[in-house]
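J.: Dumping the structure here so I can ask a few things about it.
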Amino acid sequence: MIALVAGATRGTGRGIAVELGAIGATVYCTGRSTRARRSEMDRPETIEETAELVTRAGGTGIAVQVDHLDPAQVRALVERIDREHGRLDVLVNDVWGGDALFEWDTPVWEHDLDNGLRLLRLAIDTHLITSHHALPLLIRNPGGLVVEVTDGTTDYNATRYRVSPFYDLAKVSVNRLAFGQAHDLRPHGGTAVALTPGFLRSEAMLENFGVTEETWRDAVAHEPTFAVSETPAYAGRAVVALATDPGRQRWSGRSVSSGELAREYGFTDVDGSRPDVWRYITEVREPGRTADPDDYR
């Protein structure tokens, strides 16, 4: 299996890349942060580290520095994959990079306009540019899979305001992009799915709460919903479940969470649980009810 994880530097992208490596895939791990140069996010994680983790898991990790806003760089990346393997089986569009750009609960007229427009470019244009160049290679063989990583399912986002107008539009658009690509891929036997992780224990989130993966439960006192959080590997296992399912076309065009796919396919997070924070949010947190978070794991 040949996979491209665009935005594999950290978080969900890294988790997906490593889990694909665990089933023996060759994974091109792209992003802007390398050991030689950090992106504007200015975090320590690098694509080289991700590629090494992929290889350690049993696959072949290949780190390629790519700015997915630059069509020429993306075209060169796809030409390299074609030259080296002649096929692409899985494309994961996980590029984001907008964490420092949105302002919580800020109306559009007060939100920094340059930051908002930059956020939209990072969240939407990168995915479109990557699909434009990569899908001709993916459809060369029937059965290709595209996974659009976002925040919130279509149903959830349709009735809830998400953070700010710019963030809201970004996440809704990525869900719709998967829907549109499913239409385009159908005649070629391909599948496109929008996938949302839950409350993610990413490197940045753990750092924000001052905990580690070993001590993450210490943060629950400050944020009760964190009790239903998940590791990046969980979304990775969701992608693996789709990629290895011969009947995955039944999901094409749909917007799903890692928790929903875990119930369907039977995989677990690394601790053996099946967290479903979206169900917890809608059934417990939003209506102001009380429940044991372990009932949602």
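The values are calculated or read from the model by the stated rules, or taken from the named source; none is laboratory data. From a predicted model like this one, the values you see are computed outputs, not experimental measurements. Ideal geometry is used to build each Cβ from the backbone, glycine not excepted, and the neighbour counts take in all protein chains shown.
J.: Which of the residues that make up region 114-134 are over 17 Å from G31 (Cα atoms) and polar (S, T, N, Q)?
T.: Of everything in region 114-134, just one residue is over 17 Å from G31 (Cα atoms) and polar (S, T, N, Q), namely N115.
J.: Within region 245-290, count every residue that is part of a loop (DSSP other than H, G, I, E, B) and either over 18 Å from the mean Cα position of the chain (by Cα) or charged (D, E, K, R) (or both). First the steps, then the outcome.
T.: Here is the first cut: in region 245-290, the ones part of a loop (DSSP other than H, G, I, E, B) are 245-247, 252-254, 266-276, 286-290.
Then keep just the ones that are either over 18 Å from the mean Cα position of the chain (by Cα) or charged (D, E, K, R) (or both); that gives 245-247, 254, 266, 269, 271-274, 276, 286-290.
The qualifying residues number 16.
J.: Determine, yes or no, whether V108 is touching a Leu at 6+ places or on another chain (Cβ under 8 Å) and either hydrophobic (A, V, I, L, M, F, W, C) or closer than 30 Å to R250 by Cβ (or both). Spell out the reasoning first.
T.: On the way: touching a Leu at 6+ places or on another chain (Cβ under 8 Å): no; either hydrophobic (A, V, I, L, M, F, W, C) or closer than 30 Å to R250 by Cβ (or both): yes.
So V108 fails the test.
J.: If you don't mind, another one. Could you grab me the full set of residues in region 148-176 that are among the polar types (S, T, N, Q) and in contact with a helix residue (DSSP H, G or I) (Cβ under 8 Å, 6 or more places away or on another chain)? I'd like the intermediate steps shown before the answer.
T.: From region 148-176, those among the polar types (S, T, N, Q) are 150, 153-154, 157, 159, 164, 173, 175; that's our starting set.
Result: T150, T153, T154, N157, S164, S173, N175.
J.: Give the residues of region 54-65 that are surrounded by fewer than 23 Cβ atoms within 10 Å (Cβ to Cβ) and in a loop (DSSP other than H, G, I, E, B), sorted by residue number.
T.: G58
J.: Inspect all residues belonging to region 246-268 and state whether any of them is among the aliphatic types (A, V, I, L, M), surrounded by 14 or more Cβ atoms within 10 Å (Cβ to Cβ), in contact with a strand residue (DSSP E or B) (Cβ under 9 Å, 6 or more places away or on another chain) and touching a residue at least 60 places away in the same chain (Cβ under 8 Å).
T.: yes
J.: Taking the stated definitions as given, is A134 aliphatic (A, V, I, L, M), farther than 23 Å from T282 by Cβ and in contact (Cβ under 8 Å) with a residue 60 or more places away in the chain? Before you say what the answer is, go through the steps one by one.
T.: On the way: aliphatic (A, V, I, L, M): yes; farther than 23 Å from T282 by Cβ: yes; in contact (Cβ under 8 Å) with a residue 60 or more places away in the chain: yes.
Considered against the rule, which asks whether it is aliphatic (A, V, I, L, M), farther than 23 Å from T282 by Cβ and in contact (Cβ under 8 Å) with a residue 60 or more places away in the chain, A134 comes out as yes.
J.: Let me ask another. Return a yes/no flag: does region 2-25 have any residue that is within 19 Å of M205 (Cα to Cα), of a type outside the set (D, E, K, R) and out of contact with any strand residue (DSSP E or B) (no Cβ under 9 Å at 6 or more places or on another chain).
T.: Looking for residues that are within 19 Å of M205 (Cα to Cα), of a type outside the set (D, E, K, R) and out of contact with any strand residue (DSSP E or B) (no Cβ under 9 Å at 6 or more places or on another chain), one finds none in region 2-25, hence no.
J.: Need pairs with beta-carbon distance below 6 Å; first residue closer than 16 Å to R250 by Cβ and within region 175-189, second among the polar types (S, T, N, Q); sequence gap 6+ or separate chains.
T.: The qualifying pairs are A182/S252.
J.: Okay, next question. Please give the number of the condition A204 fails out of (1) part of a helix (DSSP H, G or I); (2) surrounded by fewer than 21 Cβ atoms within 10 Å (Cβ to Cβ); (3) more than 17 Å from the chain's Cα centre (by Cα); (4) in contact (Cβ under 8 Å) with a residue 24 or more places away in the chain.
T.: Going through (1) part of a helix (DSSP H, G or I); (2) surrounded by fewer than 21 Cβ atoms within 10 Å (Cβ to Cβ); (3) more than 17 Å from the chain's Cα centre (by Cα); (4) in contact (Cβ under 8 Å) with a residue 24 or more places away in the chain one by one, A204 breaks only (3).
J.: Hey, G24 hits all of (1) modelled with pLDDT under 95; (2) over 22 Å from E230 (Cβ atoms); (3) not aromatic (F, W, Y) but one; which does it fall short on?
T.: For G24, the exception is condition (1).
J.: Answer yes or no as to whether A238 is on the phi < 0 side of the Ramachandran plot and touching a Leu at 6+ places or on another chain (Cβ under 6 Å). Spell out how you get there, then give the answer.
T.: Values: on the phi < 0 side of the Ramachandran plot: yes; touching a Leu at 6+ places or on another chain (Cβ under 6 Å): yes.
In short, yes.
J.: Turning to a different aspect of this structure: Taking A235 as the residue in question, decide whether it is at pLDDT 95 or above and under 17 Å from S257 (Cα atoms).
T.: Details: at pLDDT 95 or above: yes; under 17 Å from S257 (Cα atoms): yes.
Considered against the rule, which asks whether it is at pLDDT 95 or above and under 17 Å from S257 (Cα atoms), A235 comes out as yes.
Table: residues versus (1) acidic (D, E); (2) crowded, with 22+ Cβ neighbours inside 10 Å; (3) without any contact (Cβ under 8 Å) to a residue 12 or more places away in the chain.
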{"position": "A17", "(1), (2), (3)": "no, yes, no"}
{"position": "A25", "(1), (2), (3)": "no, yes, no"}
{"position": "M41", "(1), (2), (3)": "no, no, no"}
{"position": "Q73", "(1), (2), (3)": "no, no, yes"}
{"position": "T106", "(1), (2), (3)": "no, no, no"}
{"position": "D114", "(1), (2), (3)": "yes, no, yes"}
{"position": "R118", "(1), (2), (3)": "no, no, no"}
{"position": "R121", "(1), (2), (3)": "no, no, no"}
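J.: Sticking with this one: Would you tally the residues in region 269-297 being among the aliphatic types (A, V, I, L, M), within 20 Å of G152 (Cβ to Cβ) and either out of contact with any Phe, Trp or Tyr (no Cβ under 6 Å at 6 or more places or on another chain) or free of Cβ contacts under 8 Å to residues at least 60 places away in the same chain (or both)? Step through it out loud before you land on a result.
T.: Just the residues of region 269-297 that are among the aliphatic types (A, V, I, L, M), to begin with: 270, 277, 281, 284, 291.
If we keep only those that are within 20 Å of G152 (Cβ to Cβ) too, we end up with 277, 281, 284.
Add one more test, that the residue is either out of contact with any Phe, Trp or Tyr (no Cβ under 6 Å at 6 or more places or on another chain) or free of Cβ contacts under 8 Å to residues at least 60 places away in the same chain (or both), and what stays is 281, 284.
So the answer is 2.
J.: What helices (runs of 4 or more DSSP H) lie completely within region 69-169 and have 2 or more residues being hydroxyl-bearing (S, T, Y) and closer than 24 Å to L261 by Cβ? Even if it seems obvious, please write down each step before you answer.
T.: On the way: elements: 71-85, 113-120, 126-138, 154-158.
By residue number, 126-138, 154-158.
J.: Evaluate region 180-193: report whether one residue or more is assigned to a loop (DSSP other than H, G, I, E, B), modelled with pLDDT under 95 and not aliphatic (A, V, I, L, M).
T.: Within region 180-193, the subset assigned to a loop (DSSP other than H, G, I, E, B) is 189-190.
Subsequent filtering for residues that are modelled with pLDDT under 95 retains none.
Looking through region 180-193, none of the residues is assigned to a loop (DSSP other than H, G, I, E, B), modelled with pLDDT under 95 and not aliphatic (A, V, I, L, M).
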